[in-house]
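For reference, the structure is listed below as C-alpha coordinates.
The values are calculated or read from the model by the stated rules, or taken from the named source; none is laboratory data. For clarity, every value in this text was computed on a predicted model and none was experimentally measured. As a convention, Cβ positions derive from the backbone with ideal geometry for all residues, glycine included, and neighbour counts pool all protein chains shown.
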Amino acid sequence: MKTKKNFNAAEANILVTGGAGFIGSNFIRYVLGRPEFRGRIVNYDKLTYAGTLANLEGVAAEYGRRYSFVKGDICDYGKVMKVLKKHRITAVVHFAAESHVDRSIFGPKDFIETNVHGTFSMLEAARHFWAGRKDVRFHHVSTDEVYGSLGRTGSFSEATPYDPRSPYSASKASSDHIARAYFHTYGLPVSVSNCSNNYGPRHYPEKLIPLLILNALDGRDLPVYGDGKNVRDWLFVEDHCSAVWSILRRGRPGETYNVGGSCEKENIAVVREVCRELELVRPAAANPALKGRAYADLITFVKDRPGHDRRYAINSSKIRRELGWKPAHDFRSGLKAAIAWYLRNPRWLAAVRKASYSAWLEKNYTRR
(Lines give C-alpha, C1' and ligand atoms only; values in the text may rest on other atoms or scores of the structure.)
Protein backbone atom coordinates (compact mmCIF):
# COMPACT_ATOMS: atom_id res chain seq x y z
CA MET A 1 0.00 0.00 0.00
CA LYS A 2 1.39 3.38 -1.03
CA THR A 3 1.65 6.11 1.58
CA LYS A 4 0.08 9.36 0.47
CA LYS A 5 2.54 12.21 0.33
CA ASN A 6 1.76 15.52 2.01
CA PHE A 7 2.72 18.88 0.58
CA ASN A 8 5.95 20.22 2.08
CA ALA A 9 6.60 23.88 1.26
CA ALA A 10 10.15 23.71 2.61
CA GLU A 11 11.10 21.18 -0.10
CA ALA A 12 8.96 22.57 -2.91
CA ASN A 13 9.94 23.65 -6.39
CA ILE A 14 8.02 26.92 -6.49
CA LEU A 15 6.96 28.78 -9.62
CA VAL A 16 6.46 32.46 -8.76
CA THR A 17 4.55 34.36 -11.42
CA GLY A 18 5.29 38.08 -11.60
CA GLY A 19 8.48 37.50 -9.65
CA ALA A 20 10.22 40.53 -11.16
CA GLY A 21 7.54 42.88 -9.84
CA PHE A 22 7.29 44.62 -6.50
CA ILE A 23 5.70 41.98 -4.26
CA GLY A 24 6.94 38.98 -6.26
CA SER A 25 10.60 40.01 -6.06
CA ASN A 26 10.33 40.67 -2.34
CA PHE A 27 8.67 37.27 -1.87
CA ILE A 28 11.45 35.47 -3.76
CA ARG A 29 14.10 37.14 -1.61
CA TYR A 30 12.13 36.41 1.55
CA VAL A 31 11.63 32.69 0.87
CA LEU A 32 15.16 32.01 -0.39
CA GLY A 33 16.43 33.64 2.80
CA ARG A 34 14.34 31.42 5.07
CA PRO A 35 16.51 28.83 6.87
CA GLU A 36 13.77 26.18 6.60
CA PHE A 37 13.46 26.48 2.81
CA ARG A 38 15.53 23.92 0.91
CA GLY A 39 13.70 23.94 -2.41
CA ARG A 40 14.05 25.93 -5.62
CA ILE A 41 12.29 28.98 -7.06
CA VAL A 42 11.55 29.67 -10.71
CA ASN A 43 10.67 33.28 -11.46
CA TYR A 44 8.24 33.50 -14.41
CA ASP A 45 7.68 37.06 -15.58
CA LYS A 46 6.77 38.87 -18.80
CA LEU A 47 8.88 41.92 -17.79
CA THR A 48 6.25 44.55 -18.48
CA TYR A 49 6.80 48.19 -17.49
CA ALA A 50 6.53 47.45 -13.74
CA GLY A 51 8.71 44.33 -13.74
CA THR A 52 12.48 44.49 -13.85
CA LEU A 53 15.28 42.05 -13.18
CA ALA A 54 16.98 44.85 -11.26
CA ASN A 55 14.59 43.88 -8.44
CA LEU A 56 16.42 40.53 -8.24
CA GLU A 57 19.95 41.89 -8.48
CA GLY A 58 22.39 39.54 -6.73
CA VAL A 59 19.86 36.74 -6.17
CA ALA A 60 21.23 34.37 -8.83
CA ALA A 61 24.78 34.89 -7.62
CA GLU A 62 23.83 34.22 -4.00
CA TYR A 63 21.55 31.21 -4.48
CA GLY A 64 22.94 29.62 -7.63
CA ARG A 65 20.82 26.80 -9.10
CA ARG A 66 18.15 27.28 -6.43
CA TYR A 67 16.94 30.33 -8.38
CA SER A 68 16.20 30.67 -12.09
CA PHE A 69 14.36 33.10 -14.32
CA VAL A 70 12.12 32.40 -17.30
CA LYS A 71 10.69 35.23 -19.38
CA GLY A 72 7.12 34.39 -20.30
CA ASP A 73 3.47 35.41 -20.40
CA ILE A 74 1.00 33.77 -18.02
CA CYS A 75 -1.52 33.75 -20.89
CA ASP A 76 0.79 31.41 -22.85
CA TYR A 77 -0.57 28.02 -21.73
CA GLY A 78 1.98 26.04 -23.76
CA LYS A 79 4.98 27.84 -22.30
CA VAL A 80 3.62 27.63 -18.76
CA MET A 81 3.15 23.88 -19.19
CA LYS A 82 6.73 23.48 -20.44
CA VAL A 83 8.06 25.35 -17.40
CA LEU A 84 5.98 23.25 -15.00
CA LYS A 85 7.33 20.06 -16.55
CA LYS A 86 10.96 21.12 -16.97
CA HIS A 87 11.34 22.35 -13.40
CA ARG A 88 9.06 19.71 -11.81
CA ILE A 89 7.03 22.43 -10.11
CA THR A 90 5.14 21.42 -6.97
CA ALA A 91 3.83 24.86 -5.95
CA VAL A 92 2.65 27.95 -7.80
CA VAL A 93 2.47 31.35 -6.11
CA HIS A 94 0.53 33.54 -8.51
CA PHE A 95 1.37 37.24 -8.11
CA ALA A 96 1.37 38.22 -11.80
CA ALA A 97 -1.32 40.81 -12.52
CA GLU A 98 -2.02 44.23 -13.92
CA SER A 99 -2.56 46.12 -10.69
CA HIS A 100 -2.87 49.89 -11.09
CA VAL A 101 -6.44 51.16 -10.73
CA ASP A 102 -5.80 54.35 -12.73
CA ARG A 103 -4.43 52.40 -15.68
CA SER A 104 -7.44 50.07 -15.57
CA ILE A 105 -9.79 53.04 -15.88
CA PHE A 106 -8.06 54.34 -19.00
CA GLY A 107 -7.24 50.94 -20.51
CA PRO A 108 -9.25 48.00 -19.09
CA LYS A 109 -8.45 45.48 -21.83
CA ASP A 110 -5.00 44.52 -20.50
CA PHE A 111 -6.51 43.91 -17.07
CA ILE A 112 -9.13 41.50 -18.35
CA GLU A 113 -6.60 39.70 -20.52
CA THR A 114 -3.88 39.32 -17.87
CA ASN A 115 -5.86 38.99 -14.67
CA VAL A 116 -8.74 36.84 -15.93
CA HIS A 117 -7.42 34.91 -18.92
CA GLY A 118 -3.90 34.69 -17.44
CA THR A 119 -5.16 33.21 -14.17
CA PHE A 120 -7.33 30.75 -16.09
CA SER A 121 -4.28 29.71 -18.13
CA MET A 122 -2.18 29.14 -14.99
CA LEU A 123 -4.91 27.11 -13.28
CA GLU A 124 -5.52 24.98 -16.37
CA ALA A 125 -1.82 24.25 -16.79
CA ALA A 126 -1.46 23.30 -13.10
CA ARG A 127 -4.58 21.11 -13.24
CA HIS A 128 -3.39 19.12 -16.23
CA PHE A 129 0.24 18.89 -15.12
CA TRP A 130 -0.53 17.76 -11.56
CA ALA A 131 -3.37 15.46 -12.70
CA GLY A 132 -5.13 15.04 -9.37
CA ARG A 133 -2.08 15.17 -7.07
CA LYS A 134 -2.68 16.48 -3.57
CA ASP A 135 0.96 16.98 -2.54
CA VAL A 136 1.05 20.26 -4.49
CA ARG A 137 -0.29 23.79 -3.99
CA PHE A 138 -1.56 26.71 -6.07
CA HIS A 139 -1.76 29.97 -4.15
CA HIS A 140 -3.57 32.88 -5.78
CA VAL A 141 -2.73 36.38 -4.49
CA SER A 142 -5.50 38.98 -4.66
CA THR A 143 -6.59 42.32 -3.23
CA ASP A 144 -9.03 43.80 -0.73
CA GLU A 145 -10.41 45.98 -3.54
CA VAL A 146 -12.66 43.10 -4.66
CA TYR A 147 -14.88 43.84 -1.64
CA GLY A 148 -15.77 47.37 -2.74
CA SER A 149 -16.03 50.32 -0.38
CA LEU A 150 -16.72 50.52 3.36
CA GLY A 151 -18.51 53.16 5.36
CA ARG A 152 -17.02 54.77 8.45
CA THR A 153 -17.06 51.52 10.44
CA GLY A 154 -16.58 47.81 9.88
CA SER A 155 -13.97 45.79 8.03
CA PHE A 156 -13.70 43.21 5.27
CA SER A 157 -13.79 39.57 6.36
CA GLU A 158 -13.43 36.47 4.22
CA ALA A 159 -17.24 36.26 4.16
CA THR A 160 -17.77 39.82 2.85
CA PRO A 161 -19.67 39.75 -0.48
CA TYR A 162 -17.70 40.93 -3.49
CA ASP A 163 -18.59 44.39 -4.84
CA PRO A 164 -15.78 45.56 -7.17
CA ARG A 165 -15.95 49.15 -8.44
CA SER A 166 -13.12 49.46 -11.01
CA PRO A 167 -12.00 47.37 -14.00
CA TYR A 168 -8.95 46.35 -11.94
CA SER A 169 -10.93 45.11 -8.94
CA ALA A 170 -13.52 43.46 -11.19
CA SER A 171 -10.77 41.55 -13.01
CA LYS A 172 -9.26 40.41 -9.71
CA ALA A 173 -12.69 39.41 -8.38
CA SER A 174 -13.19 37.30 -11.50
CA SER A 175 -9.83 35.59 -11.05
CA ASP A 176 -10.60 34.86 -7.39
CA HIS A 177 -13.85 33.14 -8.35
CA ILE A 178 -12.12 31.11 -11.05
CA ALA A 179 -9.42 29.99 -8.61
CA ARG A 180 -11.99 28.86 -6.04
CA ALA A 181 -13.99 27.11 -8.74
CA TYR A 182 -10.94 25.03 -9.64
CA PHE A 183 -10.78 23.82 -6.05
CA HIS A 184 -14.46 22.93 -5.82
CA THR A 185 -14.85 21.53 -9.34
CA TYR A 186 -11.53 19.80 -9.98
CA GLY A 187 -10.09 19.36 -6.49
CA LEU A 188 -7.02 21.45 -7.37
CA PRO A 189 -5.35 22.37 -4.04
CA VAL A 190 -5.92 26.12 -4.30
CA SER A 191 -5.75 28.80 -1.62
CA VAL A 192 -6.49 32.52 -2.00
CA SER A 193 -5.35 35.58 -0.09
CA ASN A 194 -6.74 39.12 -0.24
CA CYS A 195 -4.36 41.76 1.04
CA SER A 196 -4.48 45.46 1.83
CA ASN A 197 -2.27 48.18 0.29
CA ASN A 198 1.38 47.13 0.20
CA TYR A 199 4.37 49.47 0.43
CA GLY A 200 8.12 49.06 0.80
CA PRO A 201 11.33 48.54 -1.23
CA ARG A 202 11.20 48.05 -5.02
CA HIS A 203 7.71 49.51 -5.37
CA TYR A 204 7.14 50.89 -8.87
CA PRO A 205 6.42 54.62 -8.43
CA GLU A 206 2.98 54.85 -9.99
CA LYS A 207 1.59 53.82 -6.59
CA LEU A 208 1.04 56.39 -3.85
CA ILE A 209 3.93 56.00 -1.40
CA PRO A 210 6.83 55.56 -3.84
CA LEU A 211 5.37 58.29 -6.07
CA LEU A 212 5.34 60.62 -3.09
CA ILE A 213 8.91 59.77 -2.07
CA LEU A 214 10.43 60.20 -5.51
CA ASN A 215 8.39 63.27 -6.46
CA ALA A 216 9.29 64.96 -3.18
CA LEU A 217 12.98 64.28 -3.65
CA ASP A 218 12.72 65.76 -7.16
CA GLY A 219 10.77 68.80 -5.98
CA ARG A 220 7.69 67.74 -7.99
CA ASP A 221 4.02 68.01 -7.04
CA LEU A 222 2.62 65.48 -4.57
CA PRO A 223 -0.79 64.67 -6.13
CA VAL A 224 -3.68 63.85 -3.80
CA TYR A 225 -7.05 62.70 -5.15
CA GLY A 226 -10.19 64.58 -4.10
CA ASP A 227 -10.19 65.75 -0.48
CA GLY A 228 -7.48 63.25 0.52
CA LYS A 229 -9.71 61.57 3.09
CA ASN A 230 -9.98 58.18 1.39
CA VAL A 231 -8.82 55.54 3.87
CA ARG A 232 -6.56 52.57 3.18
CA ASP A 233 -5.13 49.80 5.36
CA TRP A 234 -1.34 49.72 4.87
CA LEU A 235 0.81 46.57 4.93
CA PHE A 236 4.61 46.49 4.71
CA VAL A 237 5.60 44.21 1.84
CA GLU A 238 7.80 41.90 3.92
CA ASP A 239 4.84 41.27 6.23
CA HIS A 240 2.77 40.31 3.20
CA CYS A 241 5.52 37.94 2.07
CA SER A 242 5.61 36.27 5.48
CA ALA A 243 1.81 35.86 5.33
CA VAL A 244 1.92 34.17 1.92
CA TRP A 245 4.73 31.89 3.12
CA SER A 246 2.64 30.99 6.19
CA ILE A 247 -0.33 30.14 3.97
CA LEU A 248 1.84 28.03 1.67
CA ARG A 249 3.30 26.14 4.64
CA ARG A 250 0.26 25.71 6.87
CA GLY A 251 -2.82 27.02 5.07
CA ARG A 252 -5.64 24.73 4.04
CA PRO A 253 -6.59 24.15 0.39
CA GLY A 254 -9.93 25.72 -0.45
CA GLU A 255 -9.51 28.47 2.13
CA THR A 256 -9.28 32.24 1.73
CA TYR A 257 -7.15 34.36 4.07
CA ASN A 258 -7.39 38.12 4.46
CA VAL A 259 -4.04 39.80 5.08
CA GLY A 260 -3.94 43.31 6.53
CA GLY A 261 -1.65 45.54 8.54
CA SER A 262 -4.34 46.88 10.93
CA CYS A 263 -3.07 50.29 9.87
CA GLU A 264 -5.86 52.51 8.56
CA LYS A 265 -4.82 55.95 7.37
CA GLU A 266 -6.34 58.73 5.30
CA ASN A 267 -4.36 59.39 2.13
CA ILE A 268 -3.60 62.96 3.18
CA ALA A 269 -2.16 61.66 6.46
CA VAL A 270 0.13 59.32 4.50
CA VAL A 271 1.33 62.24 2.37
CA ARG A 272 2.15 64.31 5.44
CA GLU A 273 3.97 61.41 7.12
CA VAL A 274 6.13 60.92 4.03
CA CYS A 275 6.99 64.63 4.12
CA ARG A 276 7.91 64.45 7.82
CA GLU A 277 10.10 61.36 7.44
CA LEU A 278 11.90 62.81 4.43
CA GLU A 279 12.60 65.97 6.38
CA LEU A 280 14.42 63.89 9.00
CA VAL A 281 16.74 62.08 6.56
CA ARG A 282 16.96 64.52 3.60
CA PRO A 283 16.06 68.02 4.88
CA ALA A 284 14.30 70.18 2.32
CA ALA A 285 16.65 73.05 3.08
CA ALA A 286 19.56 70.95 1.83
CA ASN A 287 17.73 69.71 -1.27
CA PRO A 288 18.28 72.10 -4.20
CA ALA A 289 15.26 70.66 -6.02
CA LEU A 290 12.96 72.22 -3.41
CA LYS A 291 14.19 75.79 -4.13
CA GLY A 292 13.53 76.94 -0.58
CA ARG A 293 10.17 75.21 -0.19
CA ALA A 294 9.18 72.61 2.39
CA TYR A 295 8.13 69.13 1.25
CA ALA A 296 4.58 69.82 2.42
CA ASP A 297 4.43 72.80 0.06
CA LEU A 298 4.40 70.32 -2.84
CA ILE A 299 1.02 68.81 -1.85
CA THR A 300 -1.41 69.37 -4.73
CA PHE A 301 -5.04 68.27 -4.73
CA VAL A 302 -6.20 66.84 -8.07
CA LYS A 303 -9.56 65.82 -9.49
CA ASP A 304 -10.84 62.60 -7.92
CA ARG A 305 -10.71 59.48 -10.06
CA PRO A 306 -13.94 57.76 -11.18
CA GLY A 307 -15.32 55.12 -8.80
CA HIS A 308 -12.81 55.95 -6.06
CA ASP A 309 -13.63 53.70 -3.08
CA ARG A 310 -13.82 55.69 0.14
CA ARG A 311 -12.48 53.24 2.70
CA TYR A 312 -10.86 49.81 2.92
CA ALA A 313 -10.12 47.92 6.13
CA ILE A 314 -9.09 44.28 6.48
CA ASN A 315 -10.06 41.92 9.28
CA SER A 316 -7.12 39.51 9.35
CA SER A 317 -8.18 37.61 12.48
CA LYS A 318 -8.48 34.30 10.58
CA ILE A 319 -4.84 34.12 9.45
CA ARG A 320 -3.69 35.35 12.86
CA ARG A 321 -5.77 32.76 14.67
CA GLU A 322 -5.27 29.75 12.39
CA LEU A 323 -1.70 30.28 11.16
CA GLY A 324 -0.18 32.40 13.92
CA TRP A 325 0.76 35.21 11.50
CA LYS A 326 0.96 38.86 12.45
CA PRO A 327 2.71 41.88 10.89
CA ALA A 328 6.14 42.74 12.27
CA HIS A 329 6.15 46.39 11.17
CA ASP A 330 4.09 49.40 12.18
CA PHE A 331 3.60 52.14 9.60
CA ARG A 332 6.40 54.39 10.79
CA SER A 333 9.05 51.67 10.88
CA GLY A 334 7.91 50.40 7.48
CA LEU A 335 7.95 53.88 5.96
CA LYS A 336 11.43 54.55 7.36
CA ALA A 337 12.66 51.28 5.81
CA ALA A 338 11.07 52.14 2.45
CA ILE A 339 12.57 55.63 2.32
CA ALA A 340 15.98 54.34 3.39
CA TRP A 341 15.90 51.73 0.60
CA TYR A 342 15.16 54.32 -2.09
CA LEU A 343 17.93 56.59 -0.82
CA ARG A 344 20.42 53.67 -0.75
CA ASN A 345 19.65 52.57 -4.30
CA PRO A 346 20.45 55.43 -6.69
CA ARG A 347 21.03 53.07 -9.63
CA TRP A 348 17.53 51.65 -9.32
CA LEU A 349 16.14 55.18 -9.06
CA ALA A 350 18.11 56.30 -12.11
CA ALA A 351 16.75 53.41 -14.16
CA VAL A 352 13.17 54.20 -13.14
CA ARG A 353 13.63 57.90 -13.87
CA LYS A 354 15.10 57.05 -17.27
CA ALA A 355 11.95 55.09 -18.00
CA SER A 356 9.95 58.29 -17.27
CA TYR A 357 7.94 56.73 -14.48
CA SER A 358 5.72 59.78 -14.05
CA ALA A 359 4.96 60.51 -17.73
CA TRP A 360 1.79 58.44 -17.73
CA LEU A 361 0.60 59.98 -14.47
CA GLU A 362 1.25 63.52 -15.70
CA LYS A 363 -0.76 62.79 -18.83
CA ASN A 364 -3.76 61.42 -16.94
CA TYR A 365 -3.91 63.43 -13.70
CA THR A 366 -6.18 66.46 -14.03
CA ARG A 367 -5.54 69.43 -11.75
CA ARG A 368 -8.43 71.02 -9.86
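Here are the numbers for the structure shown:
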| quantity | calculated |
| --- | --- |
| Unique residue being surrounded by 17 or more Cβ atoms within 10 Å (Cβ to Cβ) and of a type in the set (Gly, Ala, Ser) when the list is Gly107, Gly154, Gly132, Gly118 | Gly118 |
| Residue in segment 121-143 that is aliphatic (A, V, I, L, M) and under 24 Å from Val224 (Cβ atoms) present | no |
| Of residues in segment 53-68 being touching a helix residue (DSSP H, G or I) at 6+ places or on another chain (Cβ under 7 Å) and not charged (D, E, K, R), the one surrounded by the fewest Cβ atoms within 10 Å (Cβ to Cβ) | Ala54 |
| Residue within segment 269-285 that is in contact with a Gly (Cβ under 6 Å, 6 or more places away or on another chain) and either more than 15 Å from Leu217 (Cα to Cα) or not in a loop (DSSP other than H, G, I, E, B) (or both) present | no |
| Filter result for Ala97 (buried (at least 19 other Cβ atoms within 10 Å of the Cβ) and assigned to a loop (DSSP other than H, G, I, E, B)) | yes |
| Qualifying residue in segment 75-87 (condition: assigned to a loop (DSSP other than H, G, I, E, B) and surrounded by 23 or more Cβ atoms within 10 Å (Cβ to Cβ)) | no |
| Among (1) closer than 16 Å to Lys172 by Cβ; (2) not in a loop (DSSP other than H, G, I, E, B), the one test that Ala125 misses | (1) |
| Candidates Tyr295, Tyr312, filtered to the one that is hydroxyl-bearing (Ser, Thr, Tyr) and in contact with a Lys or Arg (Cβ under 6 Å, 6 or more places away or on another chain) | Tyr312 |
| Output for segment 11-34, where each listed residue is part of a helix (DSSP H, G or I) and among the β-branched types (Val, Ile, Thr) | Ile23, Ile28, Val31 |
| Conditions (1) within 27 Å of Glu238 (Cβ to Cβ); (2) in contact (Cβ under 8 Å) with a residue 60 or more places away in the chain; (3) in contact with a Ser or Thr (Cβ under 8 Å, 6 or more places away or on another chain); number of the one not met by Tyr204 | (3) |
| Some residue of segment 190-202 being aromatic (Phe, Trp, Tyr) and modelled with pLDDT under 95 | no |
| Test: residue in segment 317-328 that is closer than 28 Å to Trp245 by Cβ and at pLDDT below 95 | no |
| Residue count, segment 300-357 (criterion: in contact with a strand residue (DSSP E or B) (Cβ under 6 Å, 6 or more places away or on another chain), hydrophobic (A, V, I, L, M, F, W, C) and outside any helix (DSSP H, G or I)) | 4 |
| Where Tyr225 falls short, out of the listed (1) within 23 Å of Ser166 (Cα to Cα); (2) under 18 Å from the mean Cα position of the chain (by Cα); (3) of a type in the set (Ser, Thr, Tyr) | (2) |
| Out of Gly200, Gly254, sole residue that is more than 14 Å from the chain's Cα centre (by Cα) and not polar (S, T, N, Q) | Gly254 |
| Only listed residue being within 22 Å of the chain's Cα centre (by Cα), modelled with pLDDT under 95 and aliphatic (A, V, I, L, M), chosen from Ala96, Ala54 | Ala54 |
| Odd one out for Lys303, checked against (1) exposed (fewer than 15 other Cβ atoms within 10 Å of the Cβ); (2) modelled with pLDDT of 95 or more | (2) |
| Matching residues in segment 170-182 - criterion: being more than 23 Å from Ser317 (Cα to Cα) and in contact with a Gly (Cβ under 9 Å, 6 or more places away or on another chain) | Ser175 |
| In segment 35-74, residue nearest to Phe111 (Cα to Cα) [restricted to those that are among the basic types (Lys, Arg) and part of a strand (DSSP E or B)] | Lys71 |
| Filter result for the condition that a residue is outside any loop (DSSP other than H, G, I, E, B), over 22 Å from Ala243 (Cβ atoms) and of a type outside the set (Ser, Thr, Tyr), over Phe120, Phe138 | Phe120 |
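Listed here are the residues, each with its yes/no results for (1) closer than 28 Å to Ala269 by Cα; (2) surrounded by fewer than 23 Cβ atoms within 10 Å (Cβ to Cβ); (3) among the aliphatic types (A, V, I, L, M).
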| residue | (1), (2), (3) |
| --- | --- |
| Phe138 | no, no, no |
| Leu150 | yes, yes, yes |
| Pro161 | no, yes, no |
| Pro189 | no, yes, no |
| Ser196 | yes, no, no |
| Leu211 | yes, yes, yes |
